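Working notes for the structure below.
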Amino acid sequence: MRTFIRCGTLFTGLEDKPAKDRTIVCENGLITEIVPTASGPKPAPDDRILDHSKYFVMPGLVDYHTHLAYGNAKTEEDIDIYAPVEFRALRGLFMSHRVLLAGYTSICNPGDASRVTLSIRNAINAGLFQGPRITTAGPYVTSHQGLPDWYPNWIGQPETSIGHVVTSPTGAIEEIRCQVKDGVDAIKIAMDGDLTLQPTGVNAKAELIAAFNQEETTQMMAEAHRLGKKVIAHARGREAVLYSARAGADIIFHASFMDDECLDAILKNGCAICPTFTLLVNVYEFSQPIDGAGKGWHYAAKAEVETAFKNLQKAHKAGVKMLTGTDSGFAITPYGEWHAKEPGLFVKCLGMSPAQALRCATSVTASYLVDGARLGALEPGRHADALAFDGDPLADIGQLLDRSRIKQIIQGGAPVTVTTHDVETRLVSDFSYNWWSDLYTQERVRQLANQVRSIAAE
């Protein structure tokens with residue numbers, strides 16, 4: 001049985017200009033031909049027709065920075081400690097459906113707890129469940145200066161953490177080999193921490209000290225490449241970006257404080273950048289005074305992203321490939337909600353045209369996934385993953401955030417049929433203890449006098 005997808009407007013993901021009145025013909029999940037609707041082959045009686053002749057049809061979207069193990073976490077403890085990995089796998093599968101229903105038919109999960117997303121990937125690939133096509137890394141490889149080693153030394157790193165601390169090049173290479181044995185698609189290396197991990201201000205943010213030196217970085221990335229795996233580097237600071245680029249990282253996340261020396265190394269070694277603007281922008285725009293992030297980190301996020309806009313606009317103009325990703329999986333970037341904000345930020349802050357940004361969100365980003373040569377675009381030989389959309393994102397890229405405009409999601413030539421529903425977050429991910437968000441001194445209570453209840457009156 002063949003499937004005929006009739007398109008009013010077709011955006012292939014490979015060219016800026018769309019075509020009118022085309023039909024995509026697919027069989028066994030792959031596109032066999034794309035023809036003018038009026039002159040194309042006629043469907044047989046048992047063929048399936050998906051009539052989207054009134055809609056804009058485009059490739060399924062791609063988010064290269066979604067963490068299915070996080071569970072819309074509010075704290076590091078929620079990410080690492082409170083839910084067993086078996087529950088996280090079940091929760092992650094449920095959340096992957098939210099991602100898919102936002103029009104994201106493929107994702108990269110860059111950093112995992114144990115084998116959570118690896119198991120979700122395998123279950124989807126085995127046909128047990130519908131879900132996005134997943135490329136996944138294992139736990140971050142980190143040192144004691146790296147991102148996921150966020151607990152004090154007297155506690156150490158929990159076994160269920162998203163990071164694995166290595167203390168020598170030998171240990172790092174052993175961890176990489178173990179992850180490859182487990183079946184990961186990529187290796188994630190935490191090349192530095194966040195600004196919040198430098199509370200004393202010892203390190204200026206543009207010089208945020210790298211978690212590994214150049215020799216260690218080169219050894220790890222060389223081993224991952226020798227074993228046939230892409231390398232993803234979390235690198236915000238100049239030094240971490242520079243070491244990652246020199247070592248030939250395939251993808252650098254953030255790169256906010258890169259400089260001209262970093263850019264030269266990135267161009268020389270062909271590294272791509274996944275800016276992940278959405279997380280920082282949401283932290284600044286949405287965090288409230290009662291939130292931990294609303295007590296100062298939101299200003300740091302604003303300062304970082306404004307610097308990143310300038311640096312990465314320069315990188316974009318120099319020809320560096322930009323991948324779309326959002327860091328979905330936090331409470332500030334819930335699954336299925338903000339994935340499509342990133343291409344809009346590419347237009348607004350990197351100077352891209354809507355067509356360029358939409359290509360980044362499809363064919364460009366997809367090319368860094370497993371089987372990427374057959375993902376992210378609509379042409380013969382590729383997977384028939386597509387969206388029928390009521391609107392024109394080439395005129396207004398912001399329309400992509402309106403999920404009500406998605407008329408149908410198609411994966412492998414078949415309509416996606418999964419559904420989702422609201423859940424009680426207290427039972428799903430909100431497990432850490434945070435009983436109060438203020439310090440209730442006598443002075444503070446006086447300030448809140450009109451909000452204070454009297455037990456005597458009750």
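The values are calculated or read from the model by the stated rules, or taken from the named source; none is laboratory data. None of these values were measured; they are calculated from a predicted model. We place every Cβ from the backbone using ideal geometry, glycine too, and count neighbours over all the protein chains shown.
A few points about this structure:
- Ala331 vs. criteria farther than 21 Å from Lys17 by Cβ, more than 11 Å from the chain's Cα centre (by Cα) and surrounded by fewer than 24 Cβ atoms within 10 Å (Cβ to Cβ): yes
- Pairs where the first residue, in the range 45-61, is farther than 22 Å from Ala340 by Cβ and of a type in the set (Asp, Glu) and the second is part of a strand (DSSP E or B) and modelled with pLDDT under 95, C-beta under 9 Å, 6+ apart: none
- Filter result (without any contact (Cβ under 8 Å) to a residue 40 or more places away in the chain and in a helix (DSSP H, G or I)) within the range 245-264: Ala245, Arg246, Asp260, Glu261, Cys262, Asp264
- Long-range neighbours under 7 Å by Cβ, at least six apart or interchain, first residue closer than 21 Å to Pro354 by Cα within the range 331-343, second acidic (Asp, Glu): His339/Asp63
- Given (1) more than 26 Å from Leu61 (Cα to Cα); (2) surrounded by 21 or more Cβ atoms within 10 Å (Cβ to Cβ), index of the condition Asp260 fails: (2)
- If you go through the range 214-248 and keep only what is in contact with a Lys or Arg (Cβ under 9 Å, 6 or more places away or on another chain) and either surrounded by fewer than 24 Cβ atoms within 10 Å (Cβ to Cβ) or of a type in the set (A, V, I, L, M) (or both), you end up with Gln214, Thr218, Glu223, Ala224, Leu227, Val231, Ile232, Ala233, Ala245, Arg246.
- Of residues in the range 110-133 being in a loop (DSSP other than H, G, I, E, B) and of a type in the set (S, T, N, Q), the one surrounded by the most Cβ atoms within 10 Å (Cβ to Cβ): Ser114
- Helices (runs of 4 or more DSSP H) wholly inside the range 273-353 containing at least 2 residues that are among the aromatic types (Phe, Trp, Tyr) and within 30 Å of Thr419 (Cα to Cα): 277-286
- Meets criteria (surrounded by 16 or more Cβ atoms within 10 Å (Cβ to Cβ), hydroxyl-bearing (Ser, Thr, Tyr) and under 16 Å from Ile410 (Cβ atoms)) for Thr66: no
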